[in-house]
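Below: the structure, in structure tokens.
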Amino acid sequence: MYPELQKELDTFVKRTPKSAEAHKKNLKRIPLGVASNYRAYEPYPIFVKEGQASHFRDLDGNDYIDHNLCFGALMAGHCHPAVMKAVEKRLTTGTMFGMPHDMEWELAEEICNRFPVEMVRFGNSGTEVTMHAVRMARAFTGRDKILKFEGAYHGLHDNALVSVKPHAPDFGDINAPTAVSAGLGVPKATLDNVLIATFNDLETVERRFHQHTGEIAAIILEPILMNVGVCMPQPGFLEGLREIATRNGALLIFDEVKTGAKLGWGGASEYFGVTPDMICLAKSIGGGLPLAAFGTHKSVMDLISQHKVFHGGTYNTNPVSMAAGLATFREVLTRENYAHVEKLSKKLSDGYREIIAKTGLQAYIVSAGANGALMLYASEIRNYRDWLTIDTDLWRHYWFGMVNRGVMAQPYWWDEQWTISVQHTEKDIDQHIAAFADVAPALAKAQQERSAAVVS
Ligand SMILES: Cc1ncc(COP(=O)(O)O)c(C=O)c1O
């Protein structure tokens, strides 16, 4: 560890003793001391006390501008007034029935008006809906295999936990990546049914369809790979996938758990002008409550209607989440709010770019809708293996440096990105840029020294 990073870590520890203490307590009863592995990091995670609009406070009373926003699930920002009002109203009229109600068609209508799907089923998490989408595709095509991209994350079911963060030499040749289990407990048979291709490389996709003619049910992807910072699809990539899927009788599934609400009004299909066969939505569509959905053509959903594919769930369409979802679609994810976020995004990106140019930091800024990231690379990354080349100590220097200055620039881990909520303000963005201006010179210096050390 180099001295400037150590200094930031020391400051972090001094500022957050109550988080350290709380984490120690958690460790006794909860593995890693956290409820989701993604929340664990060294020396310990910040424990949160409360949030409001674009800010949150930790147990020690430190205030942060929040661009973590629950891993991108809060494009609404904390306690959005419209969402809170809708939720409060529902809390007094019954929270669970396990019976149909009239908010279901209302929200299904909202989704079908906005995204290119004809019918919708609801769930509670991204994991749940990508799992159902994959099963639907298998049922519709009568095929067992699916194709996913190396480094892509689609949740925690067996089929998704393949080649999420594989390492050399396990991951094999980039032209035909090996399917690697993301942990113990994934059956070997699953690995045989999940074929891996390289993001932004259509040839690796063609190769899989050639090797497994008539066997692949679907291509599932995030239209922007957002499990490696922000990795944009190169021109023609999504169009190419659309064509390959159609030509081979496979379905194209857009996992829009992140992009659906945060990219723009109509999600990735509108943003990129490419129409998938199925979409999966979660995170920011719930405005802060657990809500997810998958949507597709009527012909695919007919399998559910005909009782050929089973879909259910006790918590599906619980009225509190549905009320939050309706308020989110109607009063949060509006064209005006997207314009506001777009303006802030430009201001933030421009601010970062100026500082990068001034300090000579080797990095670039990428942004799309409410999402963006400081990418600590000399040139644009195109796939997971490019992403792996990051200097993780340098990234930690950036993240802790920003946190110590009251800005949670993104969730911890260099595979994430920032989110700008509809409640962020110009002032928040000014403070964010000022914090980066303070951190960047030491970051640039450390980067130069570290690359000089590598060369010598
Ligand atoms: C693209 C994508 N798909 C699926 C998921 C899983 O969603 P959840 O955590 O709600 O199960 C995530 C979560 O980060 C995601 O980013």
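The values are calculated or read from the model by the stated rules, or taken from the named source; none is laboratory data. Computed from a prediction, not measured in an experiment: that's the story for all the values here. Here the Cβ is made from the backbone with ideal geometry for all residues, glycine too, and neighbour counts use every protein chain on show. These area figures cover heavy atoms from the full protein model, side chains too; ligands, DNA and RNA do not enter into them. Shrake-Rupley method; radii C 1.70, N 1.55, O 1.52, S 1.80 Å.
Quick notes on this structure:
- Derived scalar couplings between HN and Hα for the stretch 282-289 equal 6, 6, 5, 6, x, x, x, 10 Hz in order, rounded to whole Hz, by the Karplus curve 6.51 cos²θ - 1.76 cosθ + 1.60 (θ = phi - 60°), x for Gly and Pro.
- Pairwise label distance in nanometres, Ala176 with Cys79, each label 7 Å out on the Cα-Cβ vector: 5.8 nm
- Label point at Ala189 placed 7 Å out along Cα→Cβ; residues across the stretch 112-150 whose backbone nitrogen lies under 12 Å: none
- Charge dipole (the stretch 272-412, unit charges on Cβ, about Cα centre) - positive-most of Asn383, Ala282, Ala323: Ala323
- Rounded to the nearest 20 debye, the dipole magnitude of the stretch 310-430 is 120 debye, with +1 charges on Lys and Arg beta carbons, -1 on Asp and Glu beta carbons, and the Cα centre as origin.
- Here the gap between Glu270 and Glu243, fully extended at 0.36 nm per residue and compared with their Cα-Cα distance, gives a gain of 8.0 nm.
- For the stretch 19-78, the Cβ-based charge dipole about the Cα centre amounts to some 360 debye (Lys, Arg positive; Asp, Glu negative; other atoms uncharged).
- Most simply put, the chain has about 60% antiparallel DSSP beta bridges, counting only bridges with both residues inside it.
- For Leu225, distant residues with modelled amide H under 5 Å away: Cys231
- Estimated from helices alone, the mean residue ellipticity of the chain at 222 nm is -13000 deg cm²/dmol (sum of -39500 (n - 2.57) over DSSP H runs with n ≥ 4, per residue).
- Averaging Cα coordinates gives a centre for the stretch 85-132 and one for the stretch 366-410; these two points are 34 Å apart.
- The calculated FRET efficiency for the pair Phe97 and Thr392, based on their C-beta separation and a Förster distance of 60 Å, comes to about 0.80.
- Share of carbon and sulfur in the accessible heavy-atom surface of the stretch 168-280 [1.4 Å probe, %]: 55 percent
- Qualifying chymotrypsin sites (Phe, Trp or Tyr not before Pro) for the stretch 270-318 [loop in DSSP, other Cβ within 10 Å: at most 10]: Phe310
- Ranking Glu50, Glu104 from most to least accessible surface, computed with a 1.4 Å probe over the protein chains only, gives Glu50, Glu104.
- Taking 26 Å as the straight-line reach from the Cα of Lys188, the lysines in range (excluding those fewer than 8 positions away in the same chain) are Lys145, Lys148, Lys165.
- The stretch 268-347: relative contact order as a whole-number percent, Cα under 8 Å and 6+ apart: 27 percent
- Taking the charge dipole of the chain about its Cα centre, with +1 at Lys and Arg Cβ atoms and -1 at Asp and Glu Cβ atoms, the residue from Tyr44, Ala373, Ala453 reaching farthest to the positive side is Tyr44.
- Under 5 Å, built H, 5+ apart or other chain: amide partners of His55: Asp66, His78
- Contour minus Cα-Cα distance for Gln211 and Ala35 (0.36 nm per residue): 59.3 nm
- With 0.36 nm allotted per residue and the present C-alpha distance subtracted, the Ala452-Ala434 stretch has 3.7 nm of extension available.
- By DSSP, the beta bridges lying fully in the stretch 99-248 are antiparallel in about 20 percent of cases.
- Counting only residues at least eight positions apart within a chain, or on another chain, the lysines with an alpha carbon under 24 Å from that of Lys358 are Lys7, Lys343, Lys346, Lys347, Lys427, Lys445.
- For the chain, the relative contact order is 22 percent, taking Cα pairs closer than 8 Å that sit 6 or more residues apart in sequence and dividing their mean separation by the residue count.
- Label sites at Glu380 and Lys343, each approximated as a point 7 angstrom past Cα along Cα to Cβ, lie 2.8 nm apart.
- In order through the stretch 93-103: 3J(HN,Hα) via Karplus (6.51 cos²θ - 1.76 cosθ + 1.60), integer Hz, x for Gly, Pro: 10, x, 9, 8, 10, x, 9, x, 8, 7, 7
- Accessible area of the stretch 331-456 belonging to carbon and sulfur atoms, whole % at 1.4 Å probe: 52 percent
- Karplus-derived HN-Hα couplings along the stretch 370-378 (A = 6.51, B = -1.76, C = 1.60, θ = phi - 60°), whole Hz, x at Gly and Pro: 7, 9, x, 6, 7, 9, 8, 9, 6
- Entry note, the stretch 147-186: relative contact order of 36 percent, from Cα contacts under 8 Å with a spacing of 6+ residues.
- When the charge dipole of the chain is built from unit charges on Cβ atoms (+1 for Lys and Arg, -1 for Asp and Glu) and taken about the Cα centre, the candidate among Pro441, Gly295, Ser54 whose Cα reaches farthest toward its positive end is Ser54.
- Summing Cβ point charges (Lys, Arg +1; Asp, Glu -1) relative to the Cα centre of the chain gives a dipole of roughly 780 debye.
- Gap separating the Cα centres of the stretch 44-71 and the stretch 204-283, nearest whole Å: 33 Å
- Cα-based shape type of the chain, given that a ≥ b ≥ c are square roots of the gyration tensor eigenvalues and the cut on a/c is 1.5: oblate
- For the stretch 11-96, accessible area per residue (1.4 Å probe, heavy atoms of protein chains only), Å²: 56 Å²
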